[in-house]
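All of the numbers you see were taken from the coordinates with simple rules; none came from a lab. The shown structure was predicted, so the numbers you read here are calculated from the model rather than taken from an experiment. Positions of Cβ are generated from backbone atoms using ideal geometry, with glycine treated the same way; all protein chains shown enter the neighbour counts.
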Amino acid sequence: MKSMKKLAIITVIAGSLLGSSSVAAFATPQTDYKAALVVYKAAVEKWKADNTAAMTAFKAAQADYKAKMDLVTPVRKAANAAFKSALDAAKATFVAAKAAATTAEARNAATTARQAAVAAATATREAALKAIVLPVKPVKPVLAPKPTAPIKPVKAEKTEKAPASNG
């Protein structure tokens, strides 16, 4: 009698476990896909935010670089203008000295003076250009690849029942 009760209880429990169709207990391909889709959408939002932040930072760095380069340009132009005016003055002095020179020694002295003035102007210009600190150009960020979408499960095709034979 005791064994019959145990058998009945086991049968009822087994039947209830096999007969119940709990969706939460068993994952189907459709529920797996939906969960993967939620994770994918969150990953896409994070990807968009990360790439947008990287590009925003890059654009800010570019604007900073341009502003610094805009400060460098007038300094470079001033150094080149001073160099040109020094060369023009050396040339004018040389032309006047050469015209006034009556001897070869005087012409050689004028040439030497011109070469010294050109060398001094060149050294001054090079020192001014070396004093300019050029900003570092920002590097465009490498954007992260877009997350891959989950693969949608394929619906199983319905199979037709074979006609029952009467025999």
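Applying 1/(1 + (r/R0)^6) with R0 = 30 Å to the Cβ-Cβ distance of Lys34 and Lys140 gives a FRET efficiency near 0.20.
Among the listed pairs Lys46/Lys66; Lys48/Lys140; Lys68/Lys137; Lys46/Lys68; Lys91/Lys130; Lys68/Lys130, those with a Cα-Cα distance over 22 Å are Lys46/Lys66; Lys46/Lys68; Lys91/Lys130.
Taking a point 7 Å out from the Cα of Leu71 in the direction of its Cβ, the residues of the stretch 115-148 whose backbone N falls within less than 11 Å of it are 133-135.
Positive end of the dipole of the stretch 74-138, charges at C-beta (+1 Lys, Arg; -1 Asp, Glu), about the Cα centre: which of Gln115, Ser85, Pro74 has its Cα farthest in that direction? Farthest towards the positive pole: Pro74. Taking a straight line from the alpha carbon of Lys155, these aspartates and glutamates sit under 18 Å away, with near neighbours fewer than eight places off in the same chain left out: Asp32.
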